[in-house]
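Each value in this text was obtained by applying a stated rule to the coordinates, not by laboratory testing. Worth saying up front: this structure is predicted, and the values here are computed from it rather than measured. Glycine gets a Cβ as well: all are built from the backbone with ideal geometry, and neighbour counts include every protein chain shown.
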Amino acid sequence: MRDYKSNEVRNVVLMGHSGAGKSTLVEGVLYFNKVVDRMGSHRDGNMAMDFEPEEVRRQQSVYTAIAPVEWKDCKVNFLDTPGYFDYYGETQAALTVADNALVVVSGREGVEPGTERALDLIKERHLPTIFFVNKMDDEHADFDKVYEQLRNQFGNTIIAFEVPIKEGNDIVGSVNILKKKAWYYNDRTTPKEVPDHLVDRVDELYEQICETVALTSEELMESYFEDGTFTDEEIFEGVSAGVRSGDIHPVYCGSAVNQQGIERLLDLIVEYF
């Protein structure tokens, strides 16, 4: 791994309720980047992040673990923290060196006490934050329900930047709200048109993003009221500034165990953090 300048490094603390899939998400990132040659699991006791004997025995994170990953000329240091309050000291230590936060939420269970505790700690540090709704491969996962829970409990600065595309109980891709294009996991290089049943929802979420971006500066607010929309450059600059200032908290989704949504999440971390 080469040496990186400070502006090429992202120190990202992972937080959330125990069992939401933080360690599995990092495991998926490592596997996706070919850092490890297979996906580990708590059940098999071969997780790259939870390797201490006590963690293997408990099948959960006890200590904070660090995983460096190279992505698009940047180095991303993932700090995987325990979800249980018993290990609060580990989380606090990670927060002191983190520049940004990634909150992992289960698409099945939704907002849990650990989610709320994570947001309280992050607010104390004023860290730019992204949400990742995990376990979207579960047949009982409900992205819209979890998204509304997040907004109802933590405010309208939390905005979906993508929605999952499901066929039956299977997640097969996602729609990028800003670009209004669909990407399917079996062909990640070629964007497709938004499925008909998601067009209205995507338009609604796009307006949520624009309205929030307009609040980030007087110049953008004037542009929005005059033109009713933004140029691609304006919205990118507004989102970037909003994420870094804490005025915008993007929500993404996927399945860590199936490495779905990981590529887009890494792009977001590099672009906006």
Original post:
Here are some residues: Asp120, Asp137, Asp99. Which one is out of contact with any strand residue (DSSP E or B) (no Cβ under 8 Å at 6 or more places or on another chain) and either of a type in the set (D, E, K, R) or surrounded by 20 or more Cβ atoms within 10 Å (Cβ to Cβ) (or both)?
Top reply: Asp120
Original post:
Got a number for residues in region 141-189 being within 25 Å of Thr115 (Cβ to Cβ) and small (Gly, Ala, Ser)?
Top reply: 4
Original post:
Restricting the first residue to region 21-40 and requiring it to be farther than 13 Å from Trp71 by Cβ and without any contact (Cβ under 8 Å) to a residue 24 or more places away in the chain, which pairs with a second residue that is of a type in the set (Asp, Glu) and crowded, with 19+ Cβ neighbours inside 10 Å meet a Cβ separation below 7 Å and a spacing of at least six or different chains?
Top reply: Gly40/Glu27
**OP:** Find all pairs meeting these conditions: Cβ atoms under 8 angstrom apart; at least six residues apart or on different chains; first residue within region 220-235 and touching a residue at least 24 places away in the same chain (Cβ under 8 Å) and within 19 Å of Pro250 (Cα to Cα); second residue hydrophobic (A, V, I, L, M, F, W, C) and not in a helix (DSSP H, G or I).
**Re:** Ile235/Leu178
Subject >> Val172, sole failed condition from (1) more than 27 Å from Val199 (Cα to Cα); (2) in contact with a strand residue (DSSP E or B) (Cβ under 7 Å, 6 or more places away or on another chain) >> reply: (1)
